[in-house]
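The values are calculated or read from the model by the stated rules, or taken from the named source; none is laboratory data. In this text, all values refer to a predicted model and were calculated from it rather than measured experimentally. FYI the Cβ positions are ideal-geometry reconstructions off the backbone, even for glycines, and counts take in every protein chain you see.
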Amino acid sequence: MGARPLIIDCDPGQDDAIALLMAIASAEEFELLGITAVAGNVPLAKTEANARRVRDLAGRPELPVYAGCPRPMVRAPVTAEAVHGPSGIDGADLPEPSRPAEETHAVDFLVQAHAEASRPVTLATLGPLTNVALAIIKNPSILDNVAEIVAMGGAIGLGNVIPAAEFNIYADPHAAHVVFEAGVPLTMVGLDVTRQAIATPARIEAIRSLETTPARAVCGMLEYYGARTTAAYRHGPPLHDPCVIAYLLKPELFEWRDMHVAIELAGEHSLGRTVCDVYGRSGAPNARVLEHVDADGFFALLSERLARLPASAQ
Ligand code: RIB
Ligand code: CA
C-alpha cells in the first residue's frame, strides 16, 4: 500500500513536538502532506512557530507548516502555559525557525489537500479541533476523502483541565462536536490510555542515551513538562499526543472499545466533557475509544523512531 497520506494538526506543546518527531521519523509509513497549527496550549503565533522549529529539528525544513485558527469557535480561549511554559515547548531550547509558515490558511490547506489527495487522507489531531471542524463546515465534501481521524482528546473518566473535561475538547467543545458527529472513522485517544504512557526517569534516560540533538531536546522538554505535572503524575509526565502516532504505527500496542461519544456543550461544570456510552445504550458507536496501551512497547517504539532522526538536524 505504501506510505499513507497524513496531516497532523497540533498545538505544540512538548507532547505535540515529540509526536511530530515520531511521525516525521516514520517516512515509510507516512507521507506527511503538511502540519497545521491551531491555538491551544499557547496562542497560535507560538504553536505555529513551534511546529516550524520542530520540523527543522527533525531535519525536514521543507515540510510545510500552515497557521490556522487563533481562537475557538464559540467559547473564550483557554491556554496552558502553567503546564507547557510561556513558549509552549520550554525545555527544548530550539533556534528560530528556518523559514516562514505557508501563506495558505490551515483550514484552506485542509480543504485543498483532501480535494487533491489521490488516496484518502489520515488526520492526526493533537490539539483543539477548531481547524478540522471549520474545514468540514467550509467544505463537507472533504469527508469523502478522509481515511480516518485519530484525535488526542477526551476521557471516559476524569478530565485534566477541569475534573469533567480534557483540555483539547474543553478548549473548543463546539469544534469537537462537529468532528465527533462528522460520520467518518474516528479514534479517540483519551486520557484513560495516555495516562498509562508515563515518561519515567528510566525511559527518559533511554532516550538520552541516543545522544542526538533531537533526543536531547526531547529530554529537555520532558524534564520541563514533568516538573510541572508532578501534582498529578508522580512518576513522570504522560505522553498524550505521541500515543496518536504510536496507534497509527502499531495499533497492536493498544486495546479499545467502540462506543458512542457525545460532547457536552451546556454543562455549567461539565462543558467539554466526552460523554462515553460504555453501556451501549445511547445509540450507534461513533468512535473507537482507546483504553489500554503496552507502555513498554510504546516507549520502545518512541526511542526506535527518535533514533532514526538525523543526529544534529539543525
Ligand atoms: O490534555 C492533553 C492535551 O492537551 C495534549 O494534546 C496537550 O498537548 C494539550 O494540547
Ligand atoms: Ca497537543
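Just a yes or no: is a residue in the range 186-198 within 16 Å of ligand 1 (Cβ to nearest atom), closer than 24 Å to LEU57 by Cβ and assigned to a helix (DSSP H, G or I)? Yes, the range 186-198 contains at least one residue that is within 16 Å of ligand 1 (Cβ to nearest atom), closer than 24 Å to LEU57 by Cβ and assigned to a helix (DSSP H, G or I).
Closer than 19 Å to PRO214 by Cβ, touching a helix residue (DSSP H, G or I) at 6+ places or on another chain (Cβ under 6 Å) and within 16 Å of ligand 2 (Cβ to nearest atom): is that true of VAL78 in this structure? Spelling it out, it is not the case that VAL78 is closer than 19 Å to PRO214 by Cβ, touching a helix residue (DSSP H, G or I) at 6+ places or on another chain (Cβ under 6 Å) and within 16 Å of ligand 2 (Cβ to nearest atom). For the range 23-35, does any single residue satisfy the condition of being within 16 Å of THR79 (Cα to Cα) and either aliphatic (A, V, I, L, M) or within 14 Å of ligand 1 (Cβ to nearest atom) (or both)? Within the range 23-35 (the criterion being within 16 Å of THR79 (Cα to Cα) and either aliphatic (A, V, I, L, M) or within 14 Å of ligand 1 (Cβ to nearest atom) (or both)), the answer is no, since none of the residues qualifies. Considering the range 212-235, the residues that are free of Cβ contacts under 8 Å to residues at least 40 places away in the same chain and either part of a loop (DSSP other than H, G, I, E, B) or touching a Phe, Trp or Tyr at 6+ places or on another chain (Cβ under 7 Å) (or both) include one that is farthest from PRO163 (Cα to Cα), namely HIS235. Any idea which of (1) modelled with pLDDT of 95 or more; (2) touching a helix residue (DSSP H, G or I) at 6+ places or on another chain (Cβ under 6 Å) is the one ARG228 doesn't satisfy? Failing condition for ARG228: (1).
Find the residue count for the range 155-178, including only residues that are in a loop (DSSP other than H, G, I, E, B) and either within 9 Å of ligand 1 (Cβ to nearest atom) or charged (D, E, K, R) (or both).
Residues meeting the conditions: 6.
How many residues, within the range 132-168, are of a type in the set (D, E, K, R) and surrounded by 24 or more Cβ atoms within 10 Å (Cβ to Cβ)? Reasoning before the result, please.
Within the range 132-168, the subset of a type in the set (D, E, K, R) is 138, 144, 148, 166.
Filter once more, keeping what is surrounded by 24 or more Cβ atoms within 10 Å (Cβ to Cβ): 166.
So the answer is 1.
For the range 150-179: of the residues being among the aliphatic types (A, V, I, L, M) and touching a Pro at 6+ places or on another chain (Cβ under 7 Å), which is nearest to PRO242 (Cα to Cα)? My answer is ALA171. Criterion applied to ILE156, ILE207, ILE169, ILE162 was being touching a Cys at 6+ places or on another chain (Cβ under 9 Å), among the β-branched types (Val, Ile, Thr), in contact (Cβ under 8 Å) with a residue 24 or more places away in the chain and under 18 Å from GLY267 (Cβ atoms), and the one residue passing it is ILE156.
Looking at the range 283-300, can you tell me whether even one residue there is more than 19 Å from the chain's Cα centre (by Cα), more than 18 Å from LEU158 (Cα to Cα) and modelled with pLDDT under 95? Taking every residue of the range 283-300 in turn, at least one turns out to be more than 19 Å from the chain's Cα centre (by Cα), more than 18 Å from LEU158 (Cα to Cα) and modelled with pLDDT under 95. In the range 1-24, of all residues being assigned to a loop (DSSP other than H, G, I, E, B) and surrounded by fewer than 24 Cβ atoms within 10 Å (Cβ to Cβ), the one that is modelled with the highest pLDDT corresponds to ALA3. Test ASP108 against the stated conditions and say whether it is among the charged types (D, E, K, R), within 16 Å of ligand 2 (Cβ to nearest atom) and at pLDDT 95 or above. Here the answer is no, as ASP108 does not meet what is asked.
Residue-by-condition table, conditions (1) within 14 Å of ligand 2 (Cβ to nearest atom); (2) free of Cβ contacts under 8 Å to residues at least 24 places away in the same chain; (3) under 20 Å from ASP108 (Cβ atoms):
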| site | (1), (2), (3) |
| --- | --- |
| ASN41 | yes, no, no |
| LEU44 | yes, no, yes |
| GLY59 | no, no, no |
| LEU63 | no, no, yes |
| TYR66 | no, no, yes |
| ALA82 | no, no, no |
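The residue that is surrounded by the fewest Cβ atoms within 10 Å (Cβ to Cβ), among those in the range 81-131 that are outside any helix (DSSP H, G or I) and of a type in the set (Ser, Thr, Tyr), is SER118.
For the range 233-262, a residue qualifies if it is more than 18 Å from ALA3 (Cα to Cα), within 14 Å of ligand 1 (Cβ to nearest atom) and within 18 Å of the chain's Cα centre (by Cα), and the qualifying residues are PRO237, PRO238, LEU239, HIS240, ASP241, PRO242, CYS243.
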